[in-house]
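Chemist: Encoded as structure tokens, here's the structure I'll be asking about.
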Amino acid sequence: MDSYEISKKELESVLNSVINKTLGDVDSKGVFEKVKNHKKVTGIAGDVIEQSVIGFPANSYQAPDLIVDGEEIEVKTTGIRFSKKSPKKFEAKEPMTITAVSPETIVNQDFDTSHFWNKLEKLLLIYYHYDSESTVTVSDYADFYIKGFEIFEFPEEERKILENDWAIVKDYIANIHKNHDDPEEMYPTLSSALRDQLMFIDTSPKWPNRPRFRLKRNVVSTIVDRYFSNELEDLDEEILSFRDFDNKLKSLTQHYQGMTLDEIVEVLNIDVKKSSNNNDYDKAIGEKIVLSMFESSEKKLSKVKLFEEVGLTVKTIRQTVEGYRTEDTKLMAIEFDEWLDKTLNFEDSSLHAYFTNPFLFIIFEEPYTKAPLSENVFKGFKRVNFSDDFIYNNVECVWNIVRDLIFNDKLIDEPVTKKVASRL
């Protein structure tokens, strides 16, 4: 099937005419009517845009969808929603699927001529507001508003990151082909084995389903931010891979290792006050340390493009001189709307996303028992990506147990006395 040809002027005119209209309003081809008896249709918003607005049928070919003034462009209709961290700011609803990984053929491809880059080189992004806290039916999509569109090209630095990520996948598959008589036996390891190496992309679903390249949701969110607000800060230092990032952490560790937190705050000239209750720092100081070490002027990691793109979570850990932990680590707040949504799968939850993103632990050592954080000594960084084994045997287990208690009315309201609590 040939790509659909249209002029840029005509395309912009058509898309401008549907801004702030609902998907139902613009569905001139009756796409919703055709699927009204279906509970779920993947890509229904894209079908409406492509068939009813632009005017070409949906396809699954690896060639881009449109030719606009002679240039190939891939169309991606993308759901956005308000961020829970910043309620007036849009973020991506989900990752963006790009194209099939094709492990049998990727080893013979070059990045610049690959199906992967052919799909990503130039994108037409059409944004619709997924205005719901929970999973909706197909017909509910008709009420969602179209909020904007853009023809998007990755800046050169981000193109290099994508090339590095793609090459990591290619090299991993090439190594499988080289060292295994039956490479397909190793294909199921693809999704999890490279998680700690890939900055911008991942692969999904898991084998035996044929994997597809995806842009991580955090990466799509930064693209969304650039379109609607453009508030994210670029770091001066070029970091194109997690190898670069880890080398930077190693350099910082060598420079600051052995300093107390008080000394680091003074050297970096961090504007932070100690708590009036105990004359000590709040553990959120870790975020400020990372930002200062990376020479960022921002006060939140969520304001720095690189950290947002990779979904980095920073945690401060204190250990004893013997290397033991001093306390538990607090994690994410529970999204009760999600946990109560019976239709939501674990892999689509914020809990799953939280644990598939990288963690950066800043490790301090207590010089003596219950020493104030200000006197703790900096030991270094530890970047952690949780394994599939941990995510599906521990995190998903908690997800299922809690939902079973809720949905099957097994929760017990039991008072806990101070005497009992002291033993817990």
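Chemist: Antiparallel DSSP bridges in the stretch 4-228: what percent, to the nearest 5?
Modeler: Taking every DSSP beta bridge within the stretch 4-228, about 70 percent pair in antiparallel fashion.
Chemist: Of the labelled options [x] 195; [y] 148; [z] 124, which one gives volume of the Cα convex hull per residue in Å³ as computed for this structure?
Modeler: The calculated read-out lines up with [x].
Chemist: Express as a percent, rounded to the nearest 5, the fraction of DSSP beta bridges in the chain (both residues included) that run antiparallel.
Modeler: Counting DSSP beta bridges with both partners in the chain, the antiparallel share is about 60 percent.
Chemist: What does the extension gain come out to for Glu263 and Lys330, with contour length at 0.36 nm per residue minus their alpha carbon separation?
Modeler: Length gained between Glu263 and Lys330: 21.6 nm.
Chemist: Taking the Cα centre of the stretch 4-228 as origin, sum charge times position over the Cβ atoms of Lys and Arg (+1) and Asp and Glu (-1), and report the length of that vector in debye to the nearest 20.
Modeler: Taking the Cα centre of the stretch 4-228 as origin, the dipole is about 960 debye.
Chemist: Rounded to the nearest Å, what's the spacing between the alpha carbon centres of the stretch 345-363 and the stretch 259-297? Just the number, please.
Modeler: Value for the Cα centre distance between the two parts: 25 Å.
Chemist: To continue, here is another question. With N denoting the number of residues in the stretch 342-417, provide Rg(C-alpha) divided by 2.2 N^0.38 Å, to two decimal places.
Modeler: For the stretch 342-417, the normalised Cα radius of gyration is 1.63.
Chemist: Still on this model: Figure the gain on full extension for Ile406 and Asp196 (residue separation times 0.36 nm, minus the Cα-Cα span) and round it to one decimal in nm.
Modeler: 72.2 nm
Chemist: Using just the alpha carbons, could you tell me how many Å³ per residue the convex hull of the stretch 141-271 encloses?
Modeler: 200
Chemist: Using all alpha carbons of the stretch 24-91, what is the percent of pairwise distances in each 10 Å bin, ordered from the shortest bin to the longest?
Modeler: Distribution as computed: 17, 39, 31, 13, 0 percent.
Chemist: What residue among Asp409, Asp165, Asp262 shows peak mean-square fluctuation when the chain is described by a Gaussian network model with Cα springs under 10 Å?
Modeler: Between Asp409, Asp165, Asp262, it is Asp409 that shows the largest mean-square fluctuation.
Chemist: So for the stretch 4-228, averaging the separation of alpha carbon pairs under 8 Å that are six or more residues apart and normalising by length, what relative contact order in percent results?
Modeler: Relative contact order comes out at 24 percent.
Chemist: Counting other C-beta atoms within 10 Å, and keeping those with at most 14, which DSSP coil trypsin sites (Lys or Arg not before Pro) do you find in the stretch 365-403?
Modeler: When the trypsin sites (Lys or Arg not before Pro) of the stretch 365-403 are filtered for loop state and at most 14 Cβ neighbours within 10 Å, Lys370 remain.
Chemist: I'd like the FRET efficiency for Glu153 and Thr417, computed as 1/(1 + (r/R0)^6) with the beta carbon distance as r and R0 of 60 Å, rounded to 0.05.
Modeler: 0.40
Chemist: How big is the stretch 268-424 by Rg and Dmax over its Cα atoms, in Å?
Modeler: Just the Cα atoms of the stretch 268-424 yield Rg and Dmax of 19.0, 54 Å.
Chemist: Now a separate question. Work out, step by step, the length gained on full extension between His255 and Lys8: first 0.36 nm times the residue separation, then minus their alpha carbon distance; give nm to one decimal.
Modeler: 83.7 nm
Chemist: For the stretch 4-228, place one equal point scatterer on every Cα, skip the solvent, and apply the Debye formula. What is log10 of I(q)/I(0) at q = 0.09 Å⁻¹?
Modeler: Listed by q, the Debye log ratios stand at -0.40.
Chemist: Now for a different question. What is the chain's relative contact order, in percent, from Cα pairs under 8 angstrom and six or more apart in sequence?
Modeler: Relative contact order here is 13 percent.
Chemist: Given a 10 angstrom Cα cut-off, can you work out which residue in Pro95, Pro211, Pro367 is the most mobile in a GNM of the chain?
Modeler: Pro367
Chemist: Here is a further query. Using unit Cβ charges (K, R positive; D, E negative) and no other charged atoms, how large, in debye to the nearest 20, is the dipole of the chain about its Cα centre?
Modeler: The calculated dipole for the chain is roughly 1400 debye.
Chemist: Mind putting a number on the dipole of the stretch 1-87 about its Cα centre? Charges go on the C-beta only, +1 for Lys and Arg and -1 for Asp and Glu, and I need it in Debye to the nearest 20.
Modeler: 840
Chemist: Further, regarding this structure: For the stretch 274-365, which chymotrypsin sites (Phe, Trp or Tyr not before Pro) are both in a DSSP coil and crowded by at most 12 other Cβ atoms within 10 Å?
Modeler: Here the sparse-neighbourhood loop sites are Tyr324.
FYI, it's all coordinate maths here, none of it is from the lab. Just so it is clear, the model here is predicted, and its values are computed rather than measured. In this analysis, Cβ positions are derived from the backbone assuming ideal geometry, glycine residues included, and neighbour counts consider all displayed protein chains.
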